[in-house]
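**Student:** Just passing along the structure, written as structure tokens.
The values are calculated or read from the model by the stated rules, or taken from the named source; none is laboratory data. What you see is a predicted model, and the numbers here were worked out from it, not measured in a lab. So basically every Cβ, Gly included, is an ideal-geometry build from the backbone, and we count neighbours across all protein chains shown. Heads up: the accessible areas ignore ligands, DNA and RNA and are worked out on the full protein's heavy atoms, side chains in. Shrake-Rupley method; radii C 1.70, N 1.55, O 1.52, S 1.80 Å.
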Amino acid sequence: MKQVGNMEIWVEITHEILEIWVEITHEMLEIWVEITHEVLEIWVEITHEVVEITHEVLEIWVEIIHEIVKLEIWVEITHEVLEIWVEITHEIYEIWVEITHEILEIWVDITHEV
């Protein structure tokens with residue numbers, strides 16, 4: 001009989017320990033849920049900020065690329081215009097040299113006759 005009494009006490013103690021364990025576990029889970037919720041809120045805020053900053057950086061990058069492309073087009077057009085200008089200037093120079101040469105020949109002929 002003594003063993004049955006001891007067993008009942010043991011069952012009662014075990015039951016109380018398990019009740020305390022369930023309460024502690026429940027409280028820990030509530031705390032864990034609160035902490036997880038707060039961490040997730042912070043993570044969402046940080047992610048939102050990162051997305052906004054990334055968006056702004058990408059907009060700036062797009063503007064820079066756009067300006068570079070405009071600059072490259074401008075450089076290309078300027079290069080072509082300068083090539084044409086050099087050709088025209090060269091042709092004008094050759095014509096000028098010819099005319100000057102002819103004028104000088106005429107001048108030399110006239111001065112030689114006089």
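**Student:** Using the Cα centre of the chain as the reference point, and only Cβ charges (+1 on K/R, -1 on D/E), how large is the resulting charge dipole? Debye, rounded to the nearest 20.
**Tutor:** 780 debye
**Student:** Could I ask something else about it? Return one quarter of the surface area of the convex hull spanned by the alpha-carbon atoms of segment 31-114, equal to its mean projected area, in nm².
**Tutor:** If I average the Cα hull's projected area over directions, I get 7.7 nm².
**Student:** Calculate, for residue 47 and residue 25, the FRET efficiency according to 1/(1 + (r/R0)^6) with r their C-beta to C-beta distance and R0 22 Å; round to the nearest 0.05.
**Tutor:** Taking R0 as 22 Å, the efficiency between residue 47 and residue 25 is 0.10.
**Student:** Now, a different point. Can you give the accessible area per residue of the chain, in Å², using a 1.4 Å probe?
**Tutor:** Solvent-accessible surface per residue comes out at 101 Å².
**Student:** Output wanted: per-residue J couplings in Hz (rounded whole) for segment 12-23, from phi through Karplus 6.51 cos²θ - 1.76 cosθ + 1.60, θ = phi - 60°, x for Gly and Pro.
**Tutor:** Working through the residues one at a time gives 5, 4, 4, 4, 5, 4, 5, 4, 4, 4, 5, 4 Hz.
**Student:** Determine the dipole magnitude for segment 1-54: charges of +1 sit on the beta-carbon of Lys and Arg, -1 on that of Asp and Glu, nothing else is charged, the reference point is the Cα centre, and the result goes in debye to the nearest 20.
**Tutor:** 460 debye
**Student:** Pick out, from 61, 25, 104, the residue whose Cα sits farthest towards the positive end of the charge dipole of the chain, with +1 on the Cβ of Lys and Arg and -1 on the Cβ of Asp and Glu.
**Tutor:** 25
**Student:** Using alpha-carbon positions, what is the distance between the centroids of segment 3-42 and segment 58-90, in Å?
**Tutor:** 75 Å
**Student:** Work through the residues other than residue 87 whose Cβ is under 14 Å from its Cβ and net out their charges, Lys, Arg +1 and Asp, Glu -1.
**Tutor:** -4
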